[in-house]
Every structure is written in structure tokens, then in C-alpha cells.
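**Q** Before we start, here is the structure in question, set down as C-alpha cells.
The values are calculated or read from the model by the stated rules, or taken from the named source; none is laboratory data. Everything numeric here is computed off the predicted structure, so don't read it as measured data. All Cβ positions, even for glycine, are placed from backbone atoms using ideal geometry, and neighbour counts span all protein chains on display. Only protein heavy atoms, including side chains, enter the accessible area calculation; ligands, DNA and RNA are left aside. Shrake-Rupley method; radii C 1.70, N 1.55, O 1.52, S 1.80 Å.
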Amino acid sequence: MAVRPEKQAIVAELKESFSQAKAIVLTGYKGLTVAQDTKLRAKMRENGVTYRVVKNTMLRFAMQDLGYDELVSYLEGTTAVAYSTEDAIAPAKVIETFIKENNLAKLETLTVKAGVVDGKVIDAAGVKELAALPSR
């Protein structure tokens, strides 16, 4: 089955962005309200983090092409990706802070799935540890 050119372009764009990223965090966002999502996106922009919702299939292709095969198992359900080319801590810190400030941990509306820091795959606990580090 041939992949449509539009989808190939999206995968190529993701690979380009991820290859330049110092950190990538995969999140689940099921149940976030539009207001919460808007607020989260604003916080991401303020901190130089790109945040976007991408189909799991596209992410799977991009991650496998970059050698992050370990992340494929996390690509279930709703998935958004946050990444930064400038600060390795920013994506994790913004997400974890947002979860705390909005009491989303118990509701599990915004969850951390896994991440990549400097080319190394980390699990949700690793992302939490990363968020606890002081920023630049």
C-alpha cells in the first residue's frame, strides 16, 4: 500500500523537527477541555516549546526512522507531542507544571507517556525527573 504524498511530507517534517530537538515528550490528552488545551498551548509557546497533535501512525513512522523504536509501544490512544530545539528541560517542565497547577494528575486528562532527551528514550518517570531539574 502506497503512502500518500501529504502523509509522507508530514512524516518528513516530523523527522526533521525531531532530529533537531533536544527533548521530545509524548503526552495523552484525553478529556482536556478546549480552554485547558488553549492555556497549555500558550504556556508551551511562552517557553519555546512546539506542541502538536499528530496521528500515531505518522509518529510511528517518524520515530522508527529516527531509531526510537522503544517509543512505538507508547503510541496508543490520543497522543500529542511537545518538543524543543533550545531547552531539553522545557517540554517536561511545562507539562508537569501544567498538570500540577490544574490538578490534572488525579483526573488523568493530561498524562505523560514517554520522552526523548539528547537521543535517549526515557519513560514517564524519567520525564518527571527531568521536569524537577532547575531550568537554565
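**Q** Has region 24-34 got at least one residue that is under 21 Å from V72 (Cα atoms) and touching a Pro at 6+ places or on another chain (Cβ under 8 Å)?
**A** Just the residues of region 24-34 that are under 21 Å from V72 (Cα atoms), to begin with: 24-30.
From what is left, the residues that are touching a Pro at 6+ places or on another chain (Cβ under 8 Å) are 24-25.
Among the residues of region 24-34, at least one is under 21 Å from V72 (Cα atoms) and touching a Pro at 6+ places or on another chain (Cβ under 8 Å), which makes the answer yes.
**Q** Quick check, is K15 assigned to a loop (DSSP other than H, G, I, E, B) and open to solvent by 50 Å² or more (accessible area, probe 1.4 Å)? Give the steps one after another, and end with the answer.
**A** Working: assigned to a loop (DSSP other than H, G, I, E, B): no; open to solvent by 50 Å² or more (accessible area, probe 1.4 Å): yes.
No; evaluated as a whole, the condition is false for this residue.
**Q** From (1) touching a helix residue (DSSP H, G or I) at 6+ places or on another chain (Cβ under 6 Å); (2) of a type in the set (D, E, K, R); (3) part of a helix (DSSP H, G or I), pick out the condition that doesn't hold for K39.
**A** Every listed condition holds for K39 apart from (1).
**Q** Mind listing just one residue for me: the one in region 54-74 that is under 18 Å from D118 (Cβ atoms) and of a type in the set (D, E) and, of those, most open to solvent (accessible area, probe 1.4 Å)? Steps first, please.
**A** Of region 54-74, the ones under 18 Å from D118 (Cβ atoms) are 62-63, 66-71.
Filter once more, keeping what is of a type in the set (D, E): 69-70.
Working: D69: 92, E70: 119 Å².
Only one residue tops the list, namely E70.
**Q** Yes or no: I24 within 11 Å of the chain's Cα centre (by Cα), surrounded by 13 or more Cβ atoms within 10 Å (Cβ to Cβ) and touching a residue at least 12 places away in the same chain (Cβ under 8 Å)?
**A** Details: within 11 Å of the chain's Cα centre (by Cα): yes; surrounded by 13 or more Cβ atoms within 10 Å (Cβ to Cβ): yes; touching a residue at least 12 places away in the same chain (Cβ under 8 Å): yes.
Yes.
**Q** With the requirement that a residue be assigned to a helix (DSSP H, G or I) and within 25 Å of V11 (Cα to Cα), what does region 43-58 give you?
**A** Kept after step one, since they are assigned to a helix (DSSP H, G or I), are these residues of region 43-58: 43-46, 56-58.
Within region 43-58, M44, R45, N56, T57, M58 meet the criteria.
**Q** If I ask for residues that are within 24 Å of L66 (Cα to Cα) and acidic (D, E), which ones from region 1-54 would you list?
**A** Of everything in region 1-54, those that are within 24 Å of L66 (Cα to Cα) and acidic (D, E) turn out to be E6, E13, E16.
**Q** Give the residues of region 105-128 that are over 23 Å from E13 (Cβ atoms) and either in contact (Cβ under 8 Å) with a residue 12 or more places away in the chain or small (G, A, S) (or both), sorted by residue number.
**A** A105, L107, E108, T109, L110, T111, V112, A124, A125, G126, V127, K128
**Q** Could you check region 82-104 and list, in sequence order, the residues that are part of a strand (DSSP E or B) and either among the charged types (D, E, K, R) or touching a residue at least 60 places away in the same chain (Cβ under 8 Å) (or both)?
**A** The initial filter retains those residues of region 82-104 that are part of a strand (DSSP E or B), namely 82-84.
Result: Y83, S84.
**Q** For region 86-115, give me each residue that is β-branched (V, I, T), open to solvent by 30 Å² or more (accessible area, probe 1.4 Å) and closer than 21 Å to Q20 by Cβ.
**A** none
**Q** Say we look at region 96-136 and pick out the residues that are basic (K, R) and at pLDDT 90 or above; which of these is farthest from L26 (Cα to Cα)? Let's see the steps before the verdict.
**A** Start the filter on region 96-136 by keeping residues that are basic (K, R), which leaves 100, 106, 113, 120, 128, 136.
Next cut, at pLDDT 90 or above only: 100, 113, 120, 128.
Values: K100: 17, K113: 5, K120: 14, K128: 12 Å.
Here the answer is K100.
**Q** Residue by residue through region 71-81, note down the ones that are in a helix (DSSP H, G or I) and either touching a residue at least 12 places away in the same chain (Cβ under 8 Å) or under 13 Å from the mean Cα position of the chain (by Cα) (or both). Walk me through how you get there before you give the answer.
**A** Step one: of region 71-81, the residues in a helix (DSSP H, G or I) are 71-74.
Once the filter is applied, which keeps residues that are in a helix (DSSP H, G or I) and either touching a residue at least 12 places away in the same chain (Cβ under 8 Å) or under 13 Å from the mean Cα position of the chain (by Cα) (or both), region 71-81 yields L71, V72, Y74.
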